[in-house]
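Peer 1: Sharing a structure with you now.
The values are calculated or read from the model by the stated rules, or taken from the named source; none is laboratory data. Predicted model, so just to flag it, every value in this text is computed and none were measured. FYI the Cβ positions are ideal-geometry reconstructions off the backbone, even for glycines, and counts take in every protein chain you see. Just the protein is used for accessible areas: all its heavy atoms, side chains included, with ligands, DNA and RNA removed. Shrake-Rupley method; radii C 1.70, N 1.55, O 1.52, S 1.80 Å.
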Amino acid sequence: WLFAAVARSRLTRSTMGRRTLRQLAAVLIVAIALSGMLQDLDFAVPRAARQNVPSAAFAGLLGPSRFAPGRGSGTAAAAAVVMADHSGAVLAFFNNLRITSALMTGVSFGGLFAPPAVKDGEANKLARALRSVYTALMALALIHSMMVIFVCTIATTRITLGDLATNGSSVADVFMGPLLFETASCRAFFLTALPSFIIAGALKVCATIYGQDALSRGEKFFGYAVVSQISHAAMGIIAYANNALSGTFGNLAILYVRVVGMWLAKFHPFSGPFGFFQSASYLAFVTCIVMGTLSFIQQKK
C-alpha cells in the first residue's frame, strides 16, 4: 500500500524518483528475506557473558585480581568467581526508570496536544515549521517513555517469577549478560525520550517568540536566553550519556542502533504475525522518512 501510494506521487515523474523507488523495493525484499537470519546474531554480547562466566572484556568491571595470570586452570578461575543474586539491585534499576518514565509519559501526552499557538501566514512560516518539529519530538518522547514503562514492567515481572536470571559475579555482569536486551532497550529509549522532550520545550519557546509580533526586543532576548539554557541542558544530558556509555556501548547513537537491531532480530517477520507487522511498520517508518526527505529536496530545487 505504501509503495502504491508513492508510485502515484510526483516522485515517479523523475528518473531519480523511479530509481529510488526501485532501490527501496529491493532493500525491502532483501531485508525481509534476511530477517530470519538476524535471530542468531549477537550484538556486543560475549559468549562468556551469556553463560554467566566473566571474560577478559569484563576484567575492568570485576577487578584485575580475578583475571591475573598464574591463577590456575580456566575451571579453577571460573570457580573462584563468586556468583551472587543481584535481583534487588536489578529491580531497583528498572523501578527507578519506570517511575521516571511514567512521569515523563504524562507530561509528554499533555504537551503533544498543546502545541505552540502560531498564526497562519507567510511571515510565520518558520514558526509553523518549529511547531511541526515540536509535535514530532513530543511524540517521540511519549512513545519512548511508554516503551520504557512496558519493558521495565515486563522485566520486573519476569524477574519476580524467576524467568530471568539475576545471578552473576557483579551487577554489571548481569546487566551485560542475561538482561542485556532489557537493559539496553530501557537505557536507549529513556535517553532518547528525555532529550527529545527537553528540545521540544525549547522549540515551543522559539515558536512562541516568532509567532508573537507584539513582543519587544528585550522580551525576545529573554526568550532566547531561555532557549539557550534549555538547549544547554539537553546537550549536557546527551554529552553525559555518551560519556557514561563509552565503556560499554560506545555512545547513544550506537546504542540506539543496536537496540533497534535487537528488536528486529528478536521479533523478525517469521516470528509471528505481530513480529511481521512490527518489522513492516519500522520499514514503513524508514521509507516515509526517506521519501519525505526526497520530496523536500525536490521542492527546494
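Peer 1: In what sequence, largest accessible area first, do 288, 186, 206 appear using a 1.4 Å probe? Could you put the intermediate results ahead of the total?
Peer 2: Working: 288 70, 186 0, 206 20 Å².
Of 288, 186, 206, the descending order of accessible area is 288, 206, 186.
Peer 1: What spacing in nm lies between the two simple spin-label points modelled at residue 246 and residue 92, each 7 Å away from Cα in the Cβ direction?
Peer 2: 2.7 nm
Peer 1: Obtain the nm distance between the two label points defined at residue 293 and residue 114 by a simple spin-label model: each point lies 7 Å from its Cα along the Cα-to-C-beta direction.
Peer 2: Going by the 7 Å Cα→Cβ label model, 3.4 nm.
Peer 1: Okay, next question. Which value, in Å², gives the accessible area per residue of the stretch 166-262 when a 1.4 Å probe is used on the protein heavy atoms?
Peer 2: On the way: 4340 Å² over 97 residues.
Heavy-atom accessible area per residue stands at 45 Å².
Peer 1: Pull up all non-local amide H partners of residue 84: gap of 5 or more, or a different chain, and H-to-H distance under 5 Å with H placed in the peptide plane.
Peer 2: Counting only residues 5 or more places away or on other chains, the set is 168, 169.
Peer 1: Whole-Hz Karplus ³J(HN,Hα) for the stretch 225-232, in order, using 6.51 cos²θ - 1.76 cosθ + 1.60 and θ = phi - 60°, x for Gly and Pro?
Peer 2: After applying 6.51 cos²θ - 1.76 cosθ + 1.60, I find 5, 5, 4, 5, 5, 5, 5, 4 Hz.
Peer 1: Could you calculate the contour length gain from residue 276 to residue 253, that is, 0.36 nm times the residue separation minus the distance between their Cα atoms, to one decimal place in nm? Don't skip to the answer; put the middle values down first.
Peer 2: Values: separation 23, 0.36 × 23 = 8.28 nm, distance 2.51 nm.
Between residue 276 and residue 253, full extension yields an extra 5.8 nm.
Peer 1: Measure off, as a whole percent, the carbon and sulfur share of the 1.4 Å-probe accessible area of the stretch 129-250, all protein chains present. All intermediate terms of the calculation are to be shown ahead of the outcome.
Peer 2: On the way: 3760 of 5600 Å².
Reported share for carbon and sulfur atoms: 67 percent.
Peer 1: If you don't mind, there's one more thing I want to ask. Ranking request for peptides 221-230, 259-268: highest mean number of other beta-carbon atoms within 10 Å first, then the rest in descending order. Don't skip to the answer; put the middle values down first.
Peer 2: Numbers: 221-230: 13.9, 259-268: 17.7.
Listed from highest to lowest mean packing, they are 259-268, 221-230.
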